[in-house]
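The values are calculated or read from the model by the stated rules, or taken from the named source; none is laboratory data. Computed from a predicted structure; not experimentally measured. Here Cβ is always computed from backbone atoms with ideal geometry, including for glycine, and neighbour counts include all displayed protein chains. Only protein heavy atoms, including side chains, enter the accessible area calculation; ligands, DNA and RNA are left aside. Shrake-Rupley method; radii C 1.70, N 1.55, O 1.52, S 1.80 Å.
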Amino acid sequence: MKFLSLISRRCLILGEMSHPSKRSIAALLFLFLSMTAGSARAATPADEALKRDFPSLFRDMGVVQNKAMQKAGRFLFVPSFSLDFSDGPYSMYGVGARIGYALSDFWEVYLLANPKFISKERAFVSALREQVEATGGAVSIEGARAQSEYGVQLLWAPLYGKDSLGISRIIRSDTFLRVGASQIQYDIGTGLNFAVGVGKTFFLGKSFGFRVAVEESATQTIFQGQKSFSAITHFESGVALYF
C-alpha cells in the first residue's frame, strides 16, 4: 500500500505538468498499477484454496492403504461352501461354517464345522464301471465318503487395499493366509486333515464381506481299507459377518 501511495503521488506530480502527453502517461501508469494491485488481491483467496486442496488431494491418493474396518475384538460368522479337486473316486462338496474371533485387525481364530458333505461319484469311475460291465466283468471301488469335519483354524491378514469393480466402484479388501487342523468323519472311519490356504475378503459394508480362498491340504483318506495322506486342493467361497 505504501508503494501504491508513492506511485500515486508521483503520478499526480506528472499530471500537474503542462504537457498533455505527460498527463496521459501518468493516468495510464496509475490505471495499470491499480489493475495489478487488484489482480494480486483477487489471487489471494485462490491461492489459499489451492493450498487447502493439496493436502486433501494427497490424502485421497493415499487412502488406498487404509483398513476397511476395525476388526479387533469382534466375533465372526463365516458360512461357506467348498469343493475339492483330487484324484479320489468321489467329489466331495462341503457345506458348513466357521465361528471366529478377531484377536486384532490382523489375526483371527476359528472353530471349523462342516456337518454335511455331499459326495458324488466322479465321471472316470462311472466310465470304468461301464467298460468293465460291458465285457461281462464287475468292478468294485471302495472309497471312504466324508460325512463331517470339525477343527480349528488361524487366519493372518497382513495386506489390505482396494480393488476396482468396473470404472466407477472401488471395493476394499484384505488378503489373508490361513492354516488349520481338523478331523474328518468318513462312513468307514476317521482321518486327519492339515491345511494351508490363501484368500481375500471383499468388504461390501462395515460388517459384511464376501470371501474366497484356495486351500492345499494333506488329507488322510481311506481307500480299499487303508489310510494314507493325499494332497487335495479345495476351493471355497462364502460370506464373512462381523458382530
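Observations on the model:
- Restricting Gly197, Gly151 to those that are more than 16 Å from the chain's Cα centre (by Cα), surrounded by 14 or more Cβ atoms within 10 Å (Cβ to Cβ), within 22 Å of Val239 (Cβ to Cβ) and among the small types (Gly, Ala, Ser) reduces the list to Gly151.
- Scan of region 203-224 for residues that are within 20 Å of Ser237 (Cβ to Cβ), touching an Asp or Glu at 6+ places or on another chain (Cβ under 6 Å) and surrounded by fewer than 13 Cβ atoms within 10 Å (Cβ to Cβ), ordered by number: none
Table: residues versus (1) in contact with a Leu (Cβ under 6 Å, 6 or more places away or on another chain); (2) hydrophobic (A, V, I, L, M, F, W, C); (3) touching a residue at least 12 places away in the same chain (Cβ under 8 Å).
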| site | (1), (2), (3) |
| --- | --- |
| Glu133 | no, no, no |
| Gly136 | no, no, no |
| Gly143 | no, no, yes |
| Ala146 | no, yes, yes |
| Gly151 | yes, no, yes |
| Leu154 | no, yes, yes |
| Leu159 | no, yes, yes |
| Ser164 | no, no, no |
| Ile167 | no, yes, no |
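- Options Arg172, Arg129; residue that is part of a strand (DSSP E or B) and either touching a Cys at 6+ places or on another chain (Cβ under 6 Å) or modelled with pLDDT under 90 (or both): Arg172
- Selection count, region 115-126, where residues are surrounded by 13 or more Cβ atoms within 10 Å (Cβ to Cβ) and in a helix (DSSP H, G or I): 1
Okay, residues lined up against (1) closer than 17 Å to Val239 by Cα; (2) surrounded by 13 or more Cβ atoms within 10 Å (Cβ to Cβ); (3) out of contact with any Ser or Thr (no Cβ under 9 Å at 6 or more places or on another chain); (4) among the hydroxyl-bearing types (Ser, Thr, Tyr):
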| site | (1), (2), (3), (4) |
| --- | --- |
| Asp84 | no, yes, no, no |
| Met92 | no, yes, no, no |
| Asp105 | no, yes, yes, no |
| Ser168 | no, no, yes, yes |
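- Scoring Leu112 on the criteria (1) of a type in the set (A, V, I, L, M, F, W, C); (2) at pLDDT below 80; (3) open to solvent by less than 60 Å² (accessible area, probe 1.4 Å) leaves a single failure, condition (2).
- Subset of region 69-82 that is assigned to a strand (DSSP E or B) and over 15 Å from Glu149 (Cβ atoms) - its residue that is least open to solvent (accessible area, probe 1.4 Å): Leu76
- Residues that are hydroxyl-bearing (Ser, Thr, Tyr) and modelled with pLDDT under 85, drawn from region 135-159: Thr135, Ser140
- Test: residue in region 143-150 that is assigned to a loop (DSSP other than H, G, I, E, B), under 19 Å from Gly225 (Cα atoms) and aliphatic (A, V, I, L, M): yes
- Filtered residues of region 226-243 (kept if touching a strand residue (DSSP E or B) at 6+ places or on another chain (Cβ under 9 Å) and open to solvent by 30 Å² or more (accessible area, probe 1.4 Å)): Lys227, Ser228, Phe229, Ser230, Ala231, Thr233, His234, Phe235, Ser237, Val239, Leu241, Phe243
- Region 210-228: number of residues that are assigned to a strand (DSSP E or B), over 18 Å from Leu112 (Cβ atoms) and touching a residue at least 24 places away in the same chain (Cβ under 8 Å): 5
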